[in-house]
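A short worksheet on the structure shown next.
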Amino acid sequence: MNLGTSRAPDRPRTGAGPIWQPVPRWSRRLRLPPVLLLALALAAGGAYLALDGAAESESTVPDQDAESGPLVLDRPGQLLRGEHLDRPVEIAAADVTLRGLRISSDAAALVTVRPGITGARIEETELHCAGPQTDGIVSGGYVAVQVEAYGCGEPFAQRRDAPAAVIRSRSDGVAYRLPAVTETDTSRAAAPARLPLEQWPGPTSTGVPPGTELRKVSGKLRLDTDGEVVSGIDLTGCVEVRAKNVTIEKSRITCDSSTFSIRTHDSAANLLISDVEIDGTGRNSTAICCANYTARRVNIHHALDGPRLSDNTVVEDSWIHSLSRQPGSHNDTLQITGGRNVLVRGNRLDAYRDDTDDPMNACIMIGSTTGVVRDVRFVGNYCDGGNYSVHTRADLNGANILIRDNRYGRNQRYGVVSDPDQAGIVFEQHSNVWFDNVQPVLG
């Protein structure tokens, strides 16, 4: 059977990190004028540790299992320096200083300053992000001095309620300009602007591109050849992927199986699904499962659940809608039950069905039924519906789960987020806003 397949050039694996090159270390510590030090302290929301001021409590990396997640610094005044870390860092106490570090990871962010923490400083440090799915320093209220960031999606982030100061620092070798708040400059990050729903993916920007000629194919499609490309087919059947670097593009998949429309097996890696329509016919349990794939500009409908997210998964610029209710089903447009290194960005997630007035269960459900959840970014999405749009289960064992810059419709049954303060979750209150008036959903 000719499926129109071919072998593609090898693509780099999703999440592959940049090649490290030595960066000159500065031979002395930066000394700032007292007036500027005071201004930066006010910007951070409280007094911070000056370079030549208060005493620091120096420490080495605590004896924590690297697989347990980020390195959490929770002792006030702690100084960590001279370490090479292959895991993210969370600053959970006031006046913590990172100095002379090299941090590499494929986590959602390399350094996270928890909300409400003041006095955090990152000095003379290299940040090596695995790719644009990884940010450098989030989420605000810190001072970065002579920091080099490489390959980061957002090298230095700040919040309106916690501005940052970035001094003599660079991103990919280019000087980074993040205005510091001073006594006469009280500018903050701009409030979110109203956007039309067409800003997010929909029927004209997802699925098979107009004008594409499709060849009809039926039966189960097994993809066992590394680098195989499947393009331009109208498949009545389901897909199993066991090979690496496979691409499925510009195609329609109609699968009435009670399991998965597209399934990746353990031997699969770096699957790319782009410009594809998945029709679950009202019977399909899960549109895509379960790990090591990227779904881009995919139109998913009439499945019980949308994609299931696990290790090394990306869903972006896609439209998931018209879920199919069955007796006893708990329908989610996206679901995580265990995994790490997950990016969900720029999607339209319509859990609510207006034709049946059914909110379904969630836009995204996050729990630990099958394992721990680490390093998740849920950013820039439109979500409408669900008992809760963002439903975090009580069994969640998670860390470094960032939810920010999302817009929400009004068709939830109970609310937008089930537990915004749950351990492991960072739900940015100022950037998660209502679609209709761009006001924070929690306030």
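The values are calculated or read from the model by the stated rules, or taken from the named source; none is laboratory data. Bear in mind that the values here come from a model prediction, so they are computed numbers and not experimental data. Cβ sites come from the backbone with ideal geometry, for glycine too, and all protein chains shown count toward neighbours.
Condition check ((1) over 15 Å from the mean Cα position of the chain (by Cα); (2) over 21 Å from Gly424 (Cβ atoms); (3) assigned to a strand (DSSP E or B); (4) not assigned by TED's automatic domain parsing to the domain that holds Pro70) across all residues:
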site: Ala287; (1), (2), (3), (4): yes, yes, yes, yes
site: Ile300; (1), (2), (3), (4): yes, yes, yes, yes
site: Arg325; (1), (2), (3), (4): yes, yes, no, yes
site: Gln335; (1), (2), (3), (4): no, no, yes, yes
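Given the conditions (1) surrounded by fewer than 24 Cβ atoms within 10 Å (Cβ to Cβ); (2) in a loop (DSSP other than H, G, I, E, B), report the number of the one that Cys152 does not fulfil.
(1)
I'd like the residue in the range 412-424 that is modelled with pLDDT of 95 or more and of a type in the set (A, V, I, L, M, F, W, C) and, out of all such residues, is surrounded by the most Cβ atoms within 10 Å (Cβ to Cβ).
Val417
With the checklist (1) in contact with a Gly (Cβ under 7 Å, 6 or more places away or on another chain); (2) at pLDDT 90 or above; (3) farther than 20 Å from Val166 by Cβ; (4) acidic (Asp, Glu) in hand, flag the one item Glu124 doesn't pass.
(3)
Any residue in the range 356-369 that is without any contact (Cβ under 8 Å) to a residue 12 or more places away in the chain sitting within a Cβ distance under 6 Å of a residue that is among the acidic types (Asp, Glu) and surrounded by 22 or more Cβ atoms within 10 Å (Cβ to Cβ)? List the pairs, counting only those 6 or more apart or interchain.
As it stands, the answer is none, since no pair meets every condition given.
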